[in-house]
Amino acid sequence: MPEFAVREPSAHARVIDITGDITAASEDQLMDAYTRASGDGVRSIVLNFGGLDYMNSGGIGLLVTLLVRAHRKGQQMLAFGLSDHYRQIFELTRLDEAVGIHADEPEALAQTFS
């Protein structure tokens, strides 16, 4: 069972720590985490993939859905902790053009809207 913990490192950014797998079966948990993270005044959603074990095409589809929701709210989406394998998948699917990919959390947070 995947886990999506939400942290508040600043007034305008939220981090979603991803643990386990992201598949189509993760939809309810991931969307719930986004709802908890995207409160008033939140301008940046940062996804921490450091605890990701596995993601399939259904998981990629969920990330696209999350990205659309964030953009509708005027929020940017950033990510860090991607393995080389998943970084390549982000490049192949062109998600890297819509999601800012960073080496670590401090680098990602430095790029958030303030």
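Remarks
- Test result for residue 26, under 14 Å from residue 112 (Cα atoms) and more than 10 Å from the chain's Cα centre (by Cα): no
- Hits in the range 1-57 - residues which are touching a helix residue (DSSP H, G or I) at 6+ places or on another chain (Cβ under 7 Å), more than 14 Å from residue 105 (Cβ to Cβ), in a strand (DSSP E or B) and among the aromatic types (Phe, Trp, Tyr): 4
- The combined condition, being modelled with pLDDT of 95 or more, crowded, with 19+ Cβ neighbours inside 10 Å and out of contact with any Ser or Thr (no Cβ under 7 Å at 6 or more places or on another chain), is fulfilled by residue 66.
- When residues in the range 2-22 are screened for being modelled with pLDDT of 95 or more and crowded, with 17+ Cβ neighbours inside 10 Å, 9 of them pass.
- In the range 79-114, the residues that are under 17 Å from residue 18 (Cβ atoms), out of contact with any Leu (no Cβ under 7 Å at 6 or more places or on another chain) and of a type in the set (A, V, I, L, M): 82, 89, 103, 109
The values are calculated or read from the model by the stated rules, or taken from the named source; none is laboratory data. Just so it is clear, the model here is predicted, and its values are computed rather than measured. No Cβ is skipped: glycine too gets one built from the backbone with ideal geometry, and neighbour counts run over all protein chains shown.
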